[in-house]
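Chemist: Sharing a structure with you now.
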Amino acid sequence: MTFRKIPLCFLVLAFCTTATFARKQPKFEQAHQLTPDQAALVQRAIAREKVLIKSIQQHTPLVETYIQDTRPDLKLYQVPVNDTYMLSRVDFGKGFFDRAYEPRDTRKKGFFKNSISSITGLSKALGLDTKFTYNSLGFTEMMFLDPSGFDQQHYQFSYVRREFLGSVRTWVFDVHPKVSGQGRFYGRIWIEDEDGNIVRFNGTFTPPTNEDSSKYYFHFDSWRMNVQPGIWLPVAVYVEESQRTEGEKSVGLKAQTHFWGYSLKLPTRDSENVSVKVDDAEDKSDDSQDMSPLQAQREWVLQAENNVLDRLTEAGLLAPTTQGGYEQTVLEQIVTNLAVPNNLAFTSPIRCRVMLADTIETTTVGNTIIISKGLIDAMPNEPTIASVIAMELAHIVMGHHIDTRYAFNDRLLFPDEATFQRIDMYHSNHDNEDAQKRAMEYLQASMYKDQLPQAGLFWAQLADRGKVLHSLNTPKLGDSLLRADGTPWMTALAHQAPKLNWDDLAQIPALPLGSWLKTDPWDDRVHMLNAKRYAPINPRDKMPLEVTPVYFKLQRYNAANVPPASTTPVNQPAQQGADPNQAPAAGQSSPNQQPDTAPSNPGQQGPPPSAAQPAAGDTSAQQQTPASPQ
């Protein structure tokens with residue numbers, strides 16, 4: 001075979017021409033011409049995006065970001081190897097500015113003091129190259145498409161199709177910048193067809209050069225919700241990078257960012273004082289005119305308890321109570337199921353509250369048991385919840401109450417972000433050791449005594465994954481379920497459990513985060529998910545304590561469809577033959593969001609107790625009515 005000789009000058013000219021032609025090629029594909037209706041909807045979406053930015057500047061929501069670094073796994077596809085947690089109160093009124101909630105021990109890693117150190121520290125934790133990082137709020141910016149330049153001068157729109165997200169009909173468009181530039185959005189948007197609000201968008205931000213965007217930005221899926229009439233606000237962002245390299249290692253990450261507290265009152269800015277207002281004060285007077293010293297001491301503890309609970313609720317860290325809500329129909333019912341057979345009588349009712357955080361923690365404040373949302377979501381069945389409540393009940397019975405210095409209201413006048421530092425609600429190691437022993441006694445005497453191996457599976461799984469999920473198991477207000485050496489406090493319970501077996505699909509030791517509860521982003525109340533439960537079909541479906549994608553079945557806000565707060569009395573007998581995995585009626589009271597990604601609980605009892613029991617805190621009923629076993 002022979003080759004013709006080509007003059008060198010021709011090759012140089014051809015190379016230069018090709019290079020010039022390549023530089024003129026657009027980076028993004030040419031978009032299809034929009035119809036008049038499509039163009040009009042895009043114009044409305046651009047206008048509504050400006051309205052949303054102005055609306056959100058009037059609020060200071062809480063922003064929680066939880067990240068799990070992952071690595072590939074042959075059996076489970078990917079497993080978490082490290083995690084990072086951050087919680088902030090964001091003030092958009094002054095631009096992008098956040099105030100991170102400080103941990104009670106500032107020497108611990110994983111928490112950041114202000115917006116600049118927050119994004120810098122977070123970037124390093126995720127292995128990002130921070131040379132070109134300029135977003136002051138990192139993951140929080142994923143709630144916006146482009147705060148300053150989202151218009152048809154900077155972006156090209158291409159119609160894709162129509163699609164329903166829940167009951168909301170949307171028009172789907174692909175979006176890319178007309179001119180390359182760092183931080184421009186590149187992806188897909190969903191526009192609802194009534195008012196033109198963008199209700200979902202996923203994609204990434206463009207890098208400063210023609211490189212892989214994952215070196216600078218992650219791919220994300222951002223959701224908004226109709227929280228009030230005519231108001232759509234960001235509620236959640238899911239981030240995932242399954243193929244990312246750090247040196248010679250192949251790593252990935254999954255992260256969820258949640259927003260809530262939109263209706264919280266604005267804190268006093270640039271001030272160290274925040275007013276505390278106690279609403280719905282109860283009249284606890286009776287016929288007696290005097291109090292004994294013991295009564296006075298109990299009232300003093302109760303005053304400290306109420307002050308702390310009100311302060312935590314005002315800061316957006318504690319879900320408000322709802323008559324007939326999850327706290328009463330499930331948690332306080334389990335308290336009764338433990339108190340009755342153990343003959344525990346209390347001078348005031350035992351109440352339960354939900355802490356709005358994904359961290360795994362629990363504690364007591366006076367006669368109130370506080371359990372984090374993350375812990376509730378991860379527990380697969382009622383016996384497991386009972387094992388956690390039993391330990392907190394033991395703290396109350398043994399007198400491990402809150403420091404009474406909080407009975408002085410002025411001790412709670414501080415900025416929200418200092419809450420973790422200023423309020424101490426954790427118990428000593430000695431108290432926890434005593435409480436776990438007493439808790440085992442309560443469980444052995446209760447209706448859950450034959451189901452303790454199921455509960456033990458959770459404690460064993462928590463200890464197993466606690467080796468890498470340090471941030472998830474680092475409490476912010478209360479107690480960890482693990483000792484400092486990583487062993488569970490309820491070790492005796494874990495020893496009763498069978499060995500963890502990924503291949504046993506009937507064995508569900510723990511659930512993914514977000515499996516049971518949803519938080520209303522406007523009023524911070526928690527509700528049970530109204531979701532179908534599916535059995536895992538392979539070990540990958542288990543995902544214990546893992547971050548998963550978010551997906552909402554969107555609905556338009558309609559006040560007429562919001563049921564009253566009290567939908568199911570606490571002491572109402574449960575329906576015979578009801579599916580134990582079915583959420584109670586109280587869990588259907590929020591029309592705003594309906595994620596349909598909760599995992600199943602095959603062959604095990606779900607959280608809602610099915611036995612009819614007297615109301616929690618009703619001492620007369622507790623003394624007279626034993627709990628009926630299921």
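Chemist: Working only within segment 56-75, note down all residues that are surrounded by fewer than 17 Cβ atoms within 10 Å (Cβ to Cβ) and touching a residue at least 24 places away in the same chain (Cβ under 8 Å).
Modeler: Listed by number, the residues that qualify are Q57, Q58, R71, P72, K75.
Chemist: Filtering segment 169-183 down to residues that are charged (D, E, K, R) and open to solvent by 60 Å² or more (accessible area, probe 1.4 Å), which residue is farthest from the chain's Cα centre (by Cα)?
Modeler: Residue satisfying both the conditions and the ranking: K178.
Chemist: Related question: Given the criterion open to solvent by less than 10 Å² (accessible area, probe 1.4 Å) and either touching a strand residue (DSSP E or B) at 6+ places or on another chain (Cβ under 6 Å) or at pLDDT 95 or above (or both), identify the matching residue among S213, S222.
Modeler: S222
Chemist: Which residue is nearest to L511 (Cα to Cα), if the candidates are limited to segment 392-409 and must be out of contact with any strand residue (DSSP E or B) (no Cβ under 8 Å at 6 or more places or on another chain) and of a type in the set (A, V, I, L, M, F, W, C)?
Modeler: Applying the filter and picking the extreme gives A394.
Chemist: Select from segment 363-378 the residues that are within 23 Å of L545 (Cα to Cα) and open to solvent by 10 Å² or more (accessible area, probe 1.4 Å) and list them in ascending order.
Modeler: Listed by number, the list holds a single entry, K373.
Chemist: A further question follows. Only one of these conditions is not met by N273: (1) more than 21 Å from the chain's Cα centre (by Cα); (2) open to solvent by 40 Å² or more (accessible area, probe 1.4 Å); (3) at pLDDT 60 or above; (4) under 26 Å from D523 (Cα atoms). Which number is it?
Modeler: Among (1) more than 21 Å from the chain's Cα centre (by Cα); (2) open to solvent by 40 Å² or more (accessible area, probe 1.4 Å); (3) at pLDDT 60 or above; (4) under 26 Å from D523 (Cα atoms), the lone unmet condition for N273 is (3).
Chemist: Of the residues L309, L253, which single one is within 30 Å of V397 (Cα to Cα), at pLDDT 80 or above and surrounded by 11 or more Cβ atoms within 10 Å (Cβ to Cβ)?
Modeler: Of the residues listed, the single one that is within 30 Å of V397 (Cα to Cα), at pLDDT 80 or above and surrounded by 11 or more Cβ atoms within 10 Å (Cβ to Cβ) is L309.
Chemist: Go through segment 140-156 and give me each residue that's farther than 27 Å from Y557 by Cβ and open to solvent by less than 10 Å² (accessible area, probe 1.4 Å).
Modeler: G149, Y155
Chemist: With respect to A339, determine if the residue is of a type in the set (A, V, I, L, M, F, W, C), open to solvent by less than 10 Å² (accessible area, probe 1.4 Å) and closer than 26 Å to L264 by Cα.
Modeler: no
Chemist: When you check E382 against the structure, is it in contact with a strand residue (DSSP E or B) (Cβ under 7 Å, 6 or more places away or on another chain) and buried (at least 24 other Cβ atoms within 10 Å of the Cβ), yes or no?
Modeler: No; evaluated as a whole, the condition is false for this residue.
Chemist: Answer yes or no as to whether V365 is modelled with pLDDT under 95, among the aliphatic types (A, V, I, L, M) and under 30 Å from A236 (Cβ atoms).
Modeler: Yes; evaluated as a whole, the condition is true for this residue.
Chemist: Follow-up. Can you tell me how many residues within segment 493-535 are open to solvent by 10 Å² or more (accessible area, probe 1.4 Å), of a type in the set (S, T, N, Q) and touching a residue at least 24 places away in the same chain (Cβ under 8 Å)?
Modeler: 4
Chemist: So, restricting to strands (runs of 3 or more DSSP E) that lie completely within segment 104-202, which ones have at least 3 residues that are modelled with pLDDT of 85 or more and farther than 24 Å from P61 by Cβ?
Modeler: 155-165, 168-177
Chemist: I would also like to ask the following. Do you know which residues across segment 60-102 are under 18 Å from W260 (Cβ atoms), assigned to a loop (DSSP other than H, G, I, E, B) and at pLDDT below 85?
Modeler: Within segment 60-102, T60, Y101 meet the criteria.
Chemist: Restricted to segment 428-484, and to residues that are in a helix (DSSP H, G or I) and acidic (D, E), which residue is most open to solvent (accessible area, probe 1.4 Å)?
Modeler: D450
The values are calculated or read from the model by the stated rules, or taken from the named source; none is laboratory data. Note that this is a predicted model, so its numbers are computed, not measured. With ideal geometry, Cβ positions are generated from the backbone for all residues, glycine too; neighbour counts draw on all protein chains shown. Side chains are part of the model used for accessible areas, which takes the heavy atoms of the whole protein and leaves out ligands, DNA and RNA. Shrake-Rupley method; radii C 1.70, N 1.55, O 1.52, S 1.80 Å.
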